[in-house]
Structure formats: C-alpha cells, structure tokens
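The structure appears right after this line, and notes come after that.
The values are calculated or read from the model by the stated rules, or taken from the named source; none is laboratory data. What you see is a predicted model; the values in this text were computed from it and never measured. Heads up, the Cβs are rebuilt from the backbone with ideal geometry, glycines too, and the neighbour counts pull from every protein chain shown.
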C-alpha cells in the first residue's frame, strides 16, 4: 500500500497524472506473481503429506495437514550439511582466487602498455564464446595429471581465471581518472599499492556485481562437479540433489524433490533477502542491467 | 644347521617384499551408478555396496552416483580419457557397442575363462534376450544387471467403468485404439481424461519408437553391425503414423512430447487411463496407485516384440590388474541370484539372472505381486536394444523429429526422412572405416 501511495500521492507533481509509471508498476507486480508461483508451489508441495495423493500435487492450496516428512526424507537421502559446506567452499574458493586474477589482469589490460595488448585481449574475450561442455575432457585430463581428480580444488581450478571478470574490471578501471593514480605515483606508491588503494576501493560495485554472477553460476553448476567428484562426501549440492531428481524410467517423488530443492536454494535466497539493496545498487552502478 | 644363512636371508627378503603388498590394505574400487528410479534407490545401492564390503574384507568398493544414463556415459568416458577409469559401471545396455567400437571396454572373456567356466555356461545364467546387448562379435563385454521391457499399464477401475474387461487387455493396435477412444473423457472440446499416454523425452522416446516399430514387424537398426539405422522404412512410418493418429486424428493422446515422469504422474492421478512405460516403474505404480491396475504386453500390429532396456555392468579399459579382478568379483556378486532378486524387488526391474526366480523370497514375492511376472513373460518376444556407433547422437536425430511430429509441426513421412539423413551423416565415418572401406 505504501507503494501505491508513493505512486499516486507522493510522486512528483509532473508524473502524478501520468499513466506510464502505473503501467510499469502493474507489469512489475505481474512479473513478481509469475515468478512467485513456482516458488509457492515448491513450499506447498514440500509440506504436503504423501497421503494427499498425487492428484493434489499440482494444487497451490496448502494441505490441511502439513507435514515435515518430505524434508526429513530429503534430509536422510542426502548428506545436505556436507553438500552445503562443499558448495560454499567451492564458491568462496573460486571467488577469492578470481578476485586476485581479475584485478591484476583487468588492470594490465586497462592501464599497462605492452605489445600485442589488443590482440591478447580479444583472444581472452574469445574464451567467452566457448561452450564449457567442450572443455570437459581436456580440463579433466589436466586436473587428473595435476593429481586433483576427485578433489574440491579440481572442481575450482578451471574457473580461477575469468574472462568475463577481467573484462568487467578492465571497464571499471578504465573509468577511473588517471589523475588519481598520478597523485599516488607522486606520493611514491608502487604498482600494487596503487591498485590496492586507488583502483580496488573505487571499483567495489563492479566487484560485488561479479561476485554475485560468479557465486550463482558456480552454485548451480552440475556437469563439471559431476565429472570431477567421485567420493560421496565431496559432492556439491547440485550433484547431491540430482540423486532424486534425475530418473531414467519415468517416476518421480515430487514432494521429496520440492523439499530438496527448497533446501538447496534456501541459503542463496536468504542471502539475497538480507543484502537485497546492496545487490541491486551494485548492478545499477556497475552498469549491468 | 638345517637352514643356511643364505636361505634365511632369502626368506627374510622375500618376506620384506611380500609384506608391503599385504600391508597396503584392501583394493579400493569405484562403481559408477546412475539412478534408475528415484532417490530411495540411491540408498538401496548404498546398502548393497556396504554389504559387499562387509563380506569382502580385501576390497573396498565405493558407489559413485553419476546422474542419468546419458550423464553416466559422459562421466565414464571423461574419466577414461583422463586416465582415471572407474573399476565398474552400471551402463545403459545399449551403450556397450559404441564403447566397444571406441576401445573403451574390457573384454571379459579371459576373466570368465579364469573362473573355469565357458562363455556359454556364464551367459547361460541370464535370459537369452539380454545377450544381444552384452555380447559383441562373440566376446562378452557386459553382464546384465537390471533390465526392463516396456509394458502397457491399465487403470482397471476406469476400464470397468467404460464397459471394458481389464482381464482381457488389448492385444492389437486396433483394440488399443478402440480402448483409448472409449476411455477418453471429454467435456465439450476439452479432454478431462486421456485414453493413453506414451512418453517421449530423450532416451525414452527412442525406446518407445523402437518398441512400436518392432510390434509393427520392423527393425530399428542393424543388430549385427553398428553403422545402419532403419528410420525411413514402412514399418517405422506405420509406427509413427499410428502414434501421431492417436494424437491428431483420434485425439485420445495428449499432444506434444510428454516426459516419463509426467506420464506416470497422470496415470497415477487418473488423468490417463492407460500408459506405456517401463517395468522399471512398476514398484512406483504399485506403491502409489489408489486404484486397481493391470499390466499387459505391448500390443502388436504385426507381431509381438519389444526391445529390452535397463543396464549392464561393464569394466572400462585401461584398469590395473588387481582392480580389474576386484571389479570382476563385485560384478559376479551383484549379479548373483540372491542380490539380483533383491534389487529386482526394490526397483521393479526384472532380475536378469534366471535363478533369481527360484529363490524362496522371489517366489513369495511373485505370489503376492503377480504383475511382476508380465515383463519376465514378455522376455520371450524381447530383442536387443538400439545400439550403433555414436548411439546417443544417432538416437537423438530420431527423437528430435518424433517430438516435432507429436507437436504437430511435421508429418511422419518427412520427419523420418530427415532423421534418416541426419543419422546417416553421423554414421558416415564409421561406415567409411568399415563397410565402405573396400580393398
């Protein structure tokens, strides 16, 4: 209601009578509902007892006798706390190394002068065009040769450098006035000091935008961890979850799947709700819309 | 002195050499397994392997979950190429030929011979219908582990209500069409209950097409040679046209390509009165159906015939000898009558080992659940499952086209011609190396 009030009464005089913002709002609400329906279904299905029968499975109306059985089943089938830990470890590990590599590489492409810079940069960008599936066998062979088969480090390894991240940081660093760097140079700051004290603090929105993209994509990655990991105790969430979503012969326990999915997305969802404002503003200021 | 000093020294040396081998502990092996039905079976697989480890102290096997049948093939291949082959894999039975062509499989003949049995004796334990996908060029490459055939599931309550006798299920396509018409319920133009549901999603779609084509007197591929598929043939055209007629002409089958889980869900919920699905879904149906149901053979147009499905145990190529031996012991244990009977009861797949049906637990079980017999009986008319060079892409060329037909975007004739063309293209390199390589 506050939203409506803001639109109709507190809006600037010039836009108060306009139709466009109202249409925009209506569209947003509509999109939000469309987005919310599968989510609601998942919550409802999670709490629905199996005794309600499969007929009611598609309904959005919650069961009269909600149960936690599905959550218990899903919890027992998979070692979820460990999967959480593994996924978190993979995502943060990748991100921390990426921060170092994309900062240095982005800086090199933005500010350093070296021969063949443009060519190398384009070669770098070409990596974005490759479908990751193509690289599975060569990457796996390399990971095995390094003795990292069936290790979490092996899962993280191919993503330590990021073409997208380098590109993003290059754009961010180029937008920073060189005068700032010159001033630091006069004060006697070395190369790394300049990066640390001038470029990094001024590019924080780009870093957080990249962090979101990196974490969500690796959180959701399935095929690569499936290839590298053998030991059940090293599975990330996606592989653990697929134990009960993938079927070969055409049957599915929807309640358990819903419960498992809910458990998998919960941490990301909660993080998003807590840092909502931050997330959105980082995308706005870094220019990704 | 009875023992010379030299002999003593020699013994000590021999002891020192032999000892580290013993001190190394059990041979560690990995078994890759896809999930055939649902998550509970992942737990059952854990139970099975735990029991194996407890009864075999010198081997430590780990069950590694590897996704769908297609994912399992990708993971196994990647692991072999990376030099880290698993010791054993539960592999979709129709991938064996392709893997053998690529030299990715261990020939099991010498392991069988080392046990002092002949190939015939070894294979004689299993239903004859399963051997086509396990034996390549007269060598054994796989051991059948859990297998299936497609079945016709009928909602008996709805059949009675429509004036049909569920104890006399439809035996021909004409009867099936007739049943489906009588079982479909409409309110105006809207269908409230479909007469029949047949799944069409990757993997399933090709299997159903093979089943229908075989019931129509045809073949899907050359069973003797990996370079030929028979998509653009009258028998397959008839099969696809009949399937499409159920959708477009009689309107008793929901339009579009329906994945397996959606088919079983609509059958269980009463929204589809009949379905064609694997016997691997039987346990699920038994546990969830709130009505009387019947299972029957897939009806024929020309003859009764179905492909087998399911998976075999294989040993990838390039494994160390001790791991190979440990894997072989695991495979023999898993396919023994007791274990394969236990797994069959848990999943609904039938046990490939014929002796499994003579174990007391199984006799008991079949008395209580006579529906579990149908798939076994249907084995008499079962034939091998589609297998060529590059099985998965070749299968997908047909599946993509069948999906277009069921979605009303293409006619059967042109779809099959397109599928044949695409498949021939994929098979070209193999044919160039084999059937077209002339002296």
* Asked: Quick one: how many residues across segment A:234-289 are at pLDDT below 75, within 13 Å of chain B (Cβ to nearest Cβ) and in a helix (DSSP H, G or I)?
  -> 0
* With a cut-off of at least 2 residues that are within 14 Å of another protein chain (Cβ to nearest Cβ), name the helices (runs of 4 or more DSSP H) lying wholly within segment B:264-367. => B:282-288, B:337-347
* **Matching residues, segment B:227-263, being within 14 Å of chain A (Cβ to nearest Cβ), in contact with a strand residue (DSSP E or B) (Cβ under 8 Å, 6 or more places away or on another chain) and part of a loop (DSSP other than H, G, I, E, B)** => B:258
* Asked: When residue B:185 is evaluated against the numbered criteria (1) crowded, with 20+ Cβ neighbours inside 10 Å; (2) free of Cβ contacts under 8 Å to residues at least 40 places away in the same chain, which criterion, by number, is the only one it fails?
  -> (1)
* Give me a count of the residues in segment A:196-231 that are within 14 Å of chain B (Cβ to nearest Cβ) and buried (at least 19 other Cβ atoms within 10 Å of the Cβ). => 8
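State yes or no: is residue B:417 more than 29 Å from residue B:212 (Cα to Cα), in contact (Cβ under 8 Å) with a residue 60 or more places away in the chain and part of a helix (DSSP H, G or I)?
Numbers: more than 29 Å from residue B:212 (Cα to Cα): no; in contact (Cβ under 8 Å) with a residue 60 or more places away in the chain: yes; part of a helix (DSSP H, G or I): yes.
No; evaluated as a whole, the condition is false for this residue.
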* **Residues of segment B:54-67 classified as touching a strand residue (DSSP E or B) at 6+ places or on another chain (Cβ under 9 Å), outside any strand (DSSP E or B) and more than 12 Å from chain A (Cβ to nearest Cβ), total** => 1
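Given the residues B:106, B:72, which is the only one that is crowded, with 18+ Cβ neighbours inside 10 Å and modelled with pLDDT of 95 or more? Let's see the steps before the verdict.
Working: B:72 fails: modelled with pLDDT of 95 or more.
Of the residues listed, the single one that is crowded, with 18+ Cβ neighbours inside 10 Å and modelled with pLDDT of 95 or more is B:106.
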* Asked: Are there any pairs with C-beta distances below 7 angstrom linking a residue in segment B:68-92 that is facing chain A (nearest Cβ under 7 Å) to a residue that is part of a helix (DSSP H, G or I) and surrounded by fewer than 20 Cβ atoms within 10 Å (Cβ to Cβ), with the two at least 6 apart or on different chains, and if so which?
  -> B:78/A:137; B:81/A:137; B:81/A:141; B:82/A:141; B:82/A:144; B:83/A:144; B:84/A:144
* Asked: Taking helices (runs of 4 or more DSSP H) that do not extend beyond segment B:124-217, which have at least 2 residues that are under 16 Å from the mean Cα position of the chain (by Cα)?
  -> B:204-215
* Before we move on, is residue B:432 assigned to a helix (DSSP H, G or I) and surrounded by 22 or more Cβ atoms within 10 Å (Cβ to Cβ)? -> no
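Could you please find all residues in segment B:244-291 being farther than 27 Å from residue B:344 by Cα and crowded, with 22+ Cβ neighbours inside 10 Å? Let's see the steps before the verdict.
Filtering segment B:244-291 for residues farther than 27 Å from residue B:344 by Cα gives B:244-257, B:271.
Within segment B:244-291, B:246, B:252, B:253 qualify.
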* To do: Kindly provide the set of residues from segment A:139-156 that are at the interface with chain B (Cβ under 8 Å from one of its Cβ atoms), assigned to a helix (DSSP H, G or I) and crowded, with 19+ Cβ neighbours inside 10 Å, ordered by number.
  => A:140, A:143, A:144
* To do: Go through segment B:302-324 and give me each residue that's at negative phi, touching a residue at least 24 places away in the same chain (Cβ under 8 Å) and surrounded by fewer than 19 Cβ atoms within 10 Å (Cβ to Cβ).
  => B:302, B:303, B:304, B:317, B:322
* Which residues, counting only those in segment B:358-375, are in contact with a helix residue (DSSP H, G or I) (Cβ under 7 Å, 6 or more places away or on another chain), without any contact (Cβ under 8 Å) to a residue 60 or more places away in the chain and closer than 17 Å to residue B:149 by Cα? -> B:373
